[in-house]
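What follows draws every value from the coordinates through simple rules; no lab data is involved. These figures come from a predicted structure and were not determined experimentally.
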Amino acid sequence: MPSMQAICQHGFGYFIKFMALVSVSLGVLNLLPVPVLDGGHLLFFALEAIKGRPVSEKIQIFFQQVGIAFINVVNGIGYVFGCSTIISLKDRHKAKVISPKAKLFSL
């Protein structure tokens, strides 16, 4: 993922495109069928429509706890990989993350 400094060097249009990309990505992730997220609530509503009665509260609580555990595991993995990237970049004297002349988005 490009740094914000590199994006801002390319102009305001690239900045807006990058922010739109982040916004759409968050929207798609929010619709995943993980019970804590909105997609999970939509899944429970769909099951309710199919069965004709609501899913029991015990089952909803169980799957919400599983969803929270899943999100925590994914966050932990991201944290570990992020820290290892920062540590590996500190080891290099002149780490070249992204070239300012590189094309960030194809038009």
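Tabulated data for the structure shown
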{"item": "Relative contact order for segment 4-91, counting Cα pairs under 8 Å that sit 6 or more residues apart, in percent", "result": "15 percent"}
{"item": "Against the rule of thumb 2.2 N^0.38 Å, how large the Cα Rg of segment 4-91 comes out", "result": "1.57"}
